Amino acid sequence: MRYLSTRGAAAELPFGDVLLEGLATDGGLYLPDRWPSLPAVAAGARYADSAAEIMWPFVEGSIERGEFARIVTEAYATFDPPEGSLGDVVPVVDLGEGLWLAELYWGPTLAFKDVALQLVGRLFDYELGRRGDHVTIVGATSGDTGSAAIDACRDRRNVDIFILHPAGRTSEVQRRQMTTVDAPNVFNLAIEGTFDDCQDIVKALFADEAFRRTQRLSAVNSINWARVMAQIVYYATSAAEVRAAVGAAADSPVRFSVPTGNFGNIFAGYAAMRMGLEVAELLVASNVNDILTRFFTTGTMEIRGVTPTLSPSMDIQVSSNLERLLFEMMGRRGGELAESMQRFRAEGTVSVEPERLAWLSERFSADRIDDDECIEVMGRYHRERGVLLDPHSAVGVGVAERHRRDGDHPTICLGTAHPAKFPDAVEAATGTRPPLPAHLGDLYERPERYDTLPADVDAVRQYVAANTAG
Ligand SMILES: *Cc1c(COP(=O)(O)O)cnc(C)c1O
């Protein structure tokens with residue numbers, strides 16, 4: 001398998017290079033040169049076994065098969081869903097009236113990003129070790145992504161990780177999930193400033209070519225193909241579990257409702273569809289930051305400001321992974337896509353022709369719900385069914401309800417965060433404060449490790465240089 005860039009001007013690369021590089025040299029995102037077929041996935045199969053088999057064609061040639069299976073098994077051994085769940089890593093739960101919840105949040109940091117990052121951290125370490133190389137990962141977080149990245153990289157021999165968070169501006173759960181990780185290669189920096197200050201510092205470090213080269217700076221951001229690849233798996237496994245549970249045939253269609261931010265999660269659903277999974281429809285669920293809803297319903301993409309909501313991981317201005325779908329929609333013509341992206345950057349708006357909007361509508365529907373509706377959904381599912389939903393998952397469920405039709409296919413809503421990750425919003429909506437799962441039960445007693453630095457690029461640069469193994 002080779003990988004090509006969505007902008008059409010970068011060299012085709014094998015998996016190992018795509019993994020470590022992330023973004024292509026022409027500014028594009030990597031995609032496999034063809035879509036392989038999904039193997040048959042049985043309900044009740046071990047998740048790690050299905051995962052190794054589904055992903056194998058994407059990595060073949062870059063890693064030995066037994067080694068890959070071993071890494072996949074180790075990555076998913078970190079997941080710990082409740083006893084008796086339907087699924088050993090990503091359980092499905094019946095929400096009633098044709099809706100199901102796929103709980104992607106039983107990993108170490110209680111959010112769906114663990115599914116991809118637990119694997120990608122290990123693949124990074126493997127590939128770097130094979131090359132005798134080492135990288136320094138630097139990133140900024142407002143809370144959510146940082147903890148998943150730290151947990152994925154902790155104790156990896158060939159990686160150091162530095163995560164900047166705005167001092168005093170993340171929730172206590174989120175800060176503690178990062179700062180209580182006791183590993184010699186993990187560095188938490190509380191920056192005396194805002195999240196934007198943190199991001200600006202990271203950008204400045206990456207823009208410093210000499211520093212970037214000597215420190216081997218790297219990122220594991222959501223445009224990395226390997227993250228999308230890992231997410232394809234649970235579309236196939238959750239469809240198999242739900243079909244078996246309702247007594248439907250192995251090829252009968254299901255729908256998915258996906259709380260969407262950067263479009264990485266739902267693009268994996270599209271990939272699964274291209275690989276042969278019978279998907280009747282993918283629902284793009286948004287909060288009031290609804291650039292995607294507007295794009296999928298009108299064909300025009302237009303940037304507006306970002307409004308903070310109860311579902312902060314979906315508070316986006318532009319979804320970076322959408323570029324992959326546009327490339328597919330354009331029949332994989334990279335030159336044409338590069339032109340559109342340029343126009344979009346320059347003018348802040350771009351439109352697609354009616355035939356292309358029709359292509360999108362055959363596969364996707366999109367909708368949004370606001371915070372009041374989100375609170376109503378959380379409250380009602382708790383009251384009527386005893387189910388606690390976090391605000392992100394509730395957006396997906398709310399949109400799925402609105403698009404439900406009589407005699408419909410089962411709809412699998414992706415649960416992207418454990419309710420205990422957003423305890424204040426959940427308590428406000430339901431009157432119940434969700435407890436942390438057992439493995440995090442002592443989070444508030446664990447010692448924290450972080451250093452506080454001013455919002456100053458030089459201070460951070462010196463700190464990183466002084467603390468890296470290289
Ligand atoms: C990251 C995240 C999302 C959005 O996922 P994308 O892949 O960016 O679309 C939704 N919910 C939660 C809880 C997240 O952490």
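The values are calculated or read from the model by the stated rules, or taken from the named source; none is laboratory data. Bear in mind that the values here come from a model prediction, so they are computed numbers and not experimental data. Quick reminder, even Gly has a Cβ in these numbers, built from the backbone with ideal geometry, and neighbours come from all protein chains shown. These area figures cover heavy atoms from the full protein model, side chains too; ligands, DNA and RNA do not enter into them. Shrake-Rupley method; radii C 1.70, N 1.55, O 1.52, S 1.80 Å.
Numerical summary
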item	result
Qualifying position, being among the hydroxyl-bearing types (Ser, Thr, Tyr), in contact (Cβ under 8 Å) with a residue 12 or more places away in the chain and within 16 Å of the ligand (Cβ to nearest atom), among SER393, SER361	SER393
Residue in region 271-283 that is touching a Lys or Arg at 6+ places or on another chain (Cβ under 8 Å), more than 23 Å from PHE58 (Cβ to Cβ) and within 13 Å of the ligand (Cβ to nearest atom) present	yes
Lone unmet requirement of (1) farther than 19 Å from TRP225 by Cβ; (2) within 15 Å of the chain's Cα centre (by Cα); (3) modelled with pLDDT under 95 for ILE150	(3)
Residue in region 298-318 that is nearest to the ligand (Cβ to nearest atom), counting only those that are under 21 Å from THR416 (Cα atoms) and open to solvent by less than 60 Å² (accessible area, probe 1.4 Å)	SER313
1 or more residues under 25 Å from the mean Cα position of the chain (by Cα) and at pLDDT 95 or above: qualifying helices (runs of 4 or more DSSP H) within region 391-470	391-402, 423-430
Yes/no for ALA245 being of a type in the set (Gly, Ala, Ser), over 20 Å from the mean Cα position of the chain (by Cα) and over 30 Å from GLU355 (Cα atoms)	yes
Residue in region 236-269 that is surrounded by the most Cβ atoms within 10 Å (Cβ to Cβ), counting only those that are within 13 Å of the ligand (Cβ to nearest atom) and in a helix (DSSP H, G or I)	ILE266
Any hit, region 192-206, residues being within 16 Å of the ligand (Cβ to nearest atom), in a helix (DSSP H, G or I), open to solvent by 10 Å² or more (accessible area, probe 1.4 Å) and hydrophobic (A, V, I, L, M, F, W, C)	yes
Matching option when the condition is in contact with a helix residue (DSSP H, G or I) (Cβ under 6 Å, 6 or more places away or on another chain) and of a type in the set (Asp, Glu), among ASP371, ASP367	ASP367
Filter result (touching a Lys or Arg at 6+ places or on another chain (Cβ under 9 Å) and either among the aliphatic types (A, V, I, L, M) or closer than 20 Å to TYR235 by Cβ (or both)) within region 74-88	ALA75, TYR76, ASP88
Options GLU376, GLU336; residue that is surrounded by fewer than 19 Cβ atoms within 10 Å (Cβ to Cβ) and over 23 Å from ARG274 (Cβ atoms)	GLU376
Close pairs from region 417-440: first loosely packed, with under 15 Cβ neighbours inside 10 Å, partner part of a helix (DSSP H, G or I) and among the small types (Gly, Ala, Ser), Cβ under 7 Å, at least 6 apart	PRO435/ALA420
Residues of region 221-235 that turn out to be out of contact with any helix residue (DSSP H, G or I) (no Cβ under 6 Å at 6 or more places or on another chain) and open to solvent by 10 Å² or more (accessible area, probe 1.4 Å), as a count	2
Criterion (assigned to a strand (DSSP E or B) and either out of contact with any Cys (no Cβ under 6 Å at 6 or more places or on another chain) or in contact (Cβ under 8 Å) with a residue 24 or more places away in the chain (or both)) met by exactly one of ASP80, ASP114, ASP94	ASP94
